[in-house]
Amino acid sequence: MGLHLYDTASRAVRPFEPSTPGEVGIYLCGATVQGSPHIGHLRSGIAVDILRRWLTRQGQQVTLIRNVTDIDDKILTKAAEHGEPWWAWAHRFEREFTEAYDALHVLPPTYEPRATGHITEMVELMDRLVDRGHAYPGDPGNVWFDVRSFTQYGALTRQLLENLGSDDDVAEPPPDKRDPLDFALWKAPKDDEPDTASWPTPYGRGRPGWHLECSAMARKYLGEAFDIHAGGIDLRFPHHENEQAQSRAAGWGFAGLWFHNAWVTVGGEKMSKSLGNSLIVREVLREADPVLLRYALGAVHYRSTLEFTPGASLVEAGAAWERVAGFVSRAVEADDGAAGSVGQVTLPEAFVSAMDDDLNVSAALAVVHETVRAGNSALAGGGAATQEALAVRAMLDVLALDPLDEHWAAGGGSAVEQSALDVLVRALLDDRAEARAAKDWPRADALRDRLTEAGVVVEDGADGARWTLR
């Protein structure tokens with residue numbers, strides 16, 4: 001069948017073919033670094049990470065651009081409220097986003113450009129739009145996109161101009177706008193904003209409008225036309241509509257396919273700081289293993305709303321994870337060949353079909369669990385389950401959930417850290433085994449309690465004790 005993806009612009013699942021065979025360019029709207037990331041922010045990163053890993057597994061060379069919006073109204077406002085320089089405020093939360101992505105095993109992008117590093121490209125795009133009659137200068141520092149000059153405006157979200165309201169958040173649009181629908185490419189600084197938050201241009205000193213940066217950076221790193229533009233469904237309008245309008249008005253092909261993930265909801269409401277229902281990633285990970293949060297956020301189809309229930313969602317993910325991780329552990333004990341490389345392992349046809357069907361992760365995970373059941377039956381019969389374990393690990397590798405991936409081996413630590421931890425735990429387990437052999441039960445229990453307090457779960461078996469991190 002080949003990979004089929006849902007395209008928001010055409011509102012249909014259609015075959016995906018990269019414009020250049022063997023190469024895929026993806027632009028993902030990244031974070032506006034105004035505050036700590038919540039789990040809703042991470043959903044787009046995980047959805048695109050799965051897409052990227054699947055494309056790579058199919059032999060495609062993927063270039064992924066994920067931008068950082070490090071200058072905007074909210075960043076300036078919040079930094080001023082806390083008495084910090086805006087650039088320090090932005091950098092602080094950019095680091096938090098990076099740490100959150102890393103903790104959940106989201107691969108780093110090929111490039112991660114910041115808006116403030118691409119002022120030159122934005123000015124060049126404004127010049128092009130003004131010259132082509134699609135933009136005009138207003139008061140010094142303001143440049144506006146002329147929406148009515150571009151006849152395809154509204155094509156992405158299928159909206160008519162007469163049904164749209166002003167792009168401004170205020171009741172009365174600025175007097176230098178020709179039409180309430182026009183949106184800002186460049187914004188004059190406000191009186192209370194620091195000088196460092198504006199740049200000189202032929203149109204006056206100012207700073208970028210939100211939409212301009214993405215068009216400029218997408219062209220710089222992916223060219224005038226690229227394969228996939230991704231982001232949360234809430235960005236379709238006005239952000240993505242405006243991006244497409246300004247890029248195509250400039251004469252560029254821009255995105256060939258629009259890939260949008262649905263919201264994360266809590267108690268039926270979309271996650272947002274204003275509703276007070278945000279679950280900050282850092283706080284969730286104080287209580288939960290990162291692999292369980294990755295599983296919970298990635299196991300639902302990316303276009304389906306994910307209802308996240310604190311506690312219950314992670315318990316459900318934990319139960320599923322324990323089934324697959326426990327099976328892999330037992331299979332490796334029976335035959336260490338099950339711990340081999342999975343890069344070239346042939347994937348089950350049903351799994352491939354599910355992933356090619358618009359990344360149907362739910363159906364793909366059903367194949368994983370079916371294979372786990374077959375492997376457990378083989379082990380229960382006294383045999384090995386090497387092939388089943390390798391197949392399970394290969395499928396989970398596509399989802400970044402292989403239990404033997406060194407990222408998860410020590411709760412997100414490296415192979416070196418895992419090896420060092422194993423030496424220390426084994427030493428305590430050896431001491432405990434000696435105490436048990438000598439029937440020194442108080443000492444044996446004390447050693448086990450010490451491991452438990454450190455988060456190490458000990459499971460006694462016929463072949464000795466096994467340990468895992470809870």
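Of all DSSP bridge pairs formed entirely within segment 19-261, close to 35 percent run antiparallel.
Hey, got the dipole for segment 19-261? About the Cα centre, +1 on K and R Cβ, -1 on D and E Cβ, debye to the nearest 20? Walk me through the numbers before you get to the answer.
Details: 24 positive and 36 negative charges, 179 e Å.
Dipole size: approximately 860 debye.
Considering only 456, 380, 30, whose Cα is most displaced toward the positive end of the charge dipole of the chain, charges sitting on Cβ of Lys, Arg (+1) and Asp, Glu (-1)? Result: 380, furthest along the dipole toward the positive end. Once you've got the Cα coordinates, tell me which of 177/270; 190/270; 78/177 are over 30 Å apart. Check vs 30 Å cut-off fails for 177/270; 190/270. Over all Cα atoms in segment 1-69, the spread is summed up by Rg and Dmax: 13.8, 43 Å.
Taking label positions 7 Å along the Cα-Cβ direction at both residue 192 and residue 120, the computed distance is 3.5 nm, reported to one decimal. Have a look at 196, 113, 50 and report the one farthest towards the positive end of the charge dipole of the chain, computed about the Cα centre with Cβ charges (Lys/Arg +1, Asp/Glu -1). Result: 50, furthest along the dipole toward the positive end.
With Cα atoms as the point set, the radius of gyration and Dmax of segment 136-259 evaluate to 14.8, 41 Å. Per-residue extension of 0.36 nm, minus the Cα-Cα distance of residue 366 and residue 304, leaves a gain of 20.6 nm for this segment.
By the Stokes-Einstein formula, at 1.567 mPa s and 4 °C, the chain with its Kirkwood radius over alpha-carbon pairs has D equal to 52 µm²/s. Once the Cα-Cα distance is subtracted from the 0.36 nm per residue extended length, the residue 61 to residue 80 segment shows a gain of 2.6 nm. Extending 7 Å from the Cα toward the beta-carbon at both residue 13 and residue 357 defines two label points whose distance is 0.6 nm.
Given axes a ≥ b ≥ c from the Cα gyration tensor, I'd like to know whether segment 216-367 is rounded (a/c under 1.5), prolate (a/b larger than b/c) or oblate. In terms of gyration-tensor shape, oblate.
All other residues with a Cβ under 11 Å from the Cβ of residue 386 taken together, and with Lys, Arg as +1 and Asp, Glu as -1, what is their net charge?
Details: positive: 393; negative: 335, 336, 388.
Net charge in that neighbourhood comes out at -2.
Each of 213, 94, 283 has some number of other Cβ atoms within 10 Å of its Cβ, and from fewest to most they run 283, 94, 213. For the chain, a simple Cβ point-charge model (Lys and Arg +1, Asp and Glu -1, everything else neutral) yields a dipole of about 380 debye relative to the Cα centre.
Read the figures in this text as sums done on the coordinates, not as results from a lab. Given the structure is predicted, the values throughout are model-derived calculations rather than measurements. Note that we place each Cβ from the backbone using ideal geometry, even for glycine, and neighbour counts take in every protein chain shown.
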